[in-house]
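The values are calculated or read from the model by the stated rules, or taken from the named source; none is laboratory data. Here the structure is a predicted model, which is why all the values come from computation and not from measurement. Cβ sites come from the backbone with ideal geometry, for glycine too, and all protein chains shown count toward neighbours. Ligands, DNA and RNA are stripped out before the accessible areas are found, and what is left, the full protein with its side chains, is counted by its heavy atoms. Shrake-Rupley method; radii C 1.70, N 1.55, O 1.52, S 1.80 Å.
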Amino acid sequence: MQVKFKKYELFFHHPFTISKGTKTHQPTFIIELEYFGVKGYGEAPAISYYNITVEKMIADLERKKQFVEKFAFSDPERYWHYLHHLFPVNPFLVCALDMAGWDLYGKLKGKQLRNLWGLDSSKSPITDYTIGIDTIENMVVKMKEKPWPIYKIKVGVDNDVEMVAELRKHTDAVFRVDANAGWTLEQAQDKIPQLKKMGVEMVEQPLAKDNWEGMKVLFAESPLPLFADESCVAEADVEKCYGHFHGINIKFTKCSGITPARRMIEQARTLNMKVMIGCMNESSIGTAAIAQLAPLADFIDMDGPLLLAEDIATGVTFDNGRICYNDLPGLGIATKPF
Ligand code: MG
């Protein structure tokens with residue numbers, strides 16, 4: 001197996017602001033695995049909140065590249081276990097390699113992953129489109145330039161209820177909100193009932209990631225379903241979220257790939273919890289991976305390619321929020337080889 005990698009800096013159409021800060025571009029790390037002439041691709045964007053940079057992914061990979069290349073690839077699950085032990089503290093790097101392994105596997109089998117997994121893609125939920133925090137006027141402009149059936153609105157600032165109220169005047173679309181850990185318990189108790197009246201369907205990460213006591217109180221009284229994002233990073237967190245959240249937002253990059261994400265979905269279902277599959281502003285490479293698993297989710301947030309002004313692959317398109325699947329094997333993408 002041959003491993004190659006590249007760093008990209010993909011610019012956003014608009015500076016992207018959430019309760020933790022603003023960014024103008026998304027650094028991302030792309031892997032190419034080549035096995036008997038077949039090439040698989042995987043991605044992991046760098047997210048400063050999780051303290052993993054593209055440079056860190058490159059340094060860790062360079063140090064152990066020969067071991068990654070030496071592996072006798074037969075199936076992605078065995079490969080993930082091997083990678084997980086090679087890079088135990090770099091889930092982002094493991095994600096990029098795992099995703100490339102799955103793309104390669106699908107291509108070797110000549111099938112798209114959703115077909116290999118036996119999933120019914122007519123069950124895939126409609127994806128939302130994210131409106132980042134801005135002046136209320138700018139948020140209205142951004143929403144109007146992208147007519148969409150579901151908007152995910154970033155909240156977690158003082159005037160956020162006003163923001164949502166103003167947006168509501170301009171559309172009947174479904175709203176969901178993401179506070180990115182920006183509220184106190186008292187603020188959440190005050191704001192969530194008001195948001196419900198405005199047709200908001202769910203709330204992502206209302207409180208700080210380790211405020212389990214607060215979440216217990218909020219879970220018992222919230223009129224809207226609560227989803228864990230920052231509180232649910234890896235497999236071990238799923239169980240912790242039970243009794244504190246109604247659902248979890250699974251992201252390949254934070255949990256270390258498609259392989260553990262599939263197990264997390266299964267575990268969430270066993271605990272009778274809802275499943276969202278979310279993104280970290282991946283290009284069409286990482287976003288295509290979400291599309292493959294989407295039939296298993298209740299909610300989908302895969303708008304990276306819509307928010308980014310540049311892309312590095314094709315294959316991800318939507319019809320009014322609904323995923324348009326193609327027949328390309330693996331992830332279902334076409335990209336330029338390295
Ligand atoms: Mg989130």
### Message
For the range 34-70, give me each residue that is surrounded by 16 or more Cβ atoms within 10 Å (Cβ to Cβ), closer than 27 Å to residue 329 by Cβ and of a type in the set (Val, Ile, Thr).
### Response
68
### Message
Suppose we keep only residues that are open to solvent by 10 Å² or more (accessible area, probe 1.4 Å) and closer than 29 Å to residue 194 by Cα within the range 243-270. Which one would you say is nearest to the ligand (Cβ to nearest atom)?
### Response
251
### Query
If only one of 108, 119, 104 is touching a residue at least 40 places away in the same chain (Cβ under 8 Å), outside any strand (DSSP E or B), crowded, with 22+ Cβ neighbours inside 10 Å and on the phi < 0 side of the Ramachandran plot, which one is it?
104
### Query
Any idea which residue in the range 271-282 is surrounded by the most Cβ atoms within 10 Å (Cβ to Cβ), counting only those that are within 15 Å of the ligand (Cβ to nearest atom) and over 15 Å from residue 100 (Cβ atoms)?
277
### Summary
Cβ pairs under 6 Å, 6+ apart or interchain, first in the range 224-242 and within 14 Å of residue 177 (Cβ to Cβ), second open to solvent by 10 Å² or more (accessible area, probe 1.4 Å) and more than 14 Å from the ligand (Cβ to nearest atom), ordered by first then second residue, are 224/196; 225/246; 226/246
### Condition broken by residue 324, with the remaining ones in (1) open to solvent by 40 Å² or more (accessible area, probe 1.4 Å); (2) touching a residue at least 40 places away in the same chain (Cβ under 8 Å); (3) in contact with a Ser or Thr (Cβ under 6 Å, 6 or more places away or on another chain) satisfied
(2)
### Task
Identify the residue in the range 71-101 that is among the charged types (D, E, K, R) and modelled with pLDDT of 95 or more and, among all such residues, is surrounded by the most Cβ atoms within 10 Å (Cβ to Cβ).
98
### Query
Restricting attention to the range 167-184, does a residue exist that is over 19 Å from residue 126 (Cβ atoms), without any contact (Cβ under 8 Å) to a residue 60 or more places away in the chain, surrounded by fewer than 19 Cβ atoms within 10 Å (Cβ to Cβ) and of a type in the set (A, V, I, L, M)?
no
### Query
Which of the residues that make up the range 14-33 are surrounded by 20 or more Cβ atoms within 10 Å (Cβ to Cβ) and over 30 Å from residue 110 (Cβ atoms)?
16, 18, 26
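Do we find that residue 278 is over 12 Å from the mean Cα position of the chain (by Cα) and of a type in the set (Gly, Ala, Ser) in this structure?
Answer is no for this residue.
Which members of the range 204-223 meet the condition of being aliphatic (A, V, I, L, M) and either touching a strand residue (DSSP E or B) at 6+ places or on another chain (Cβ under 9 Å) or within 14 Å of residue 183 (Cβ to Cβ) (or both)?
207, 208, 215, 217, 218
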### Message
Could you tell me how many of the residues in the range 115-135 are over 15 Å from residue 276 (Cβ atoms) and β-branched (Val, Ile, Thr)?
### Response
3
#### Entry: Answer from 285, 312, 300 - the residue that is within 16 Å of the ligand (Cβ to nearest atom), in the same structural domain as residue 196 (by TED's automatic domain parsing) and of a type in the set (Val, Ile, Thr)
300
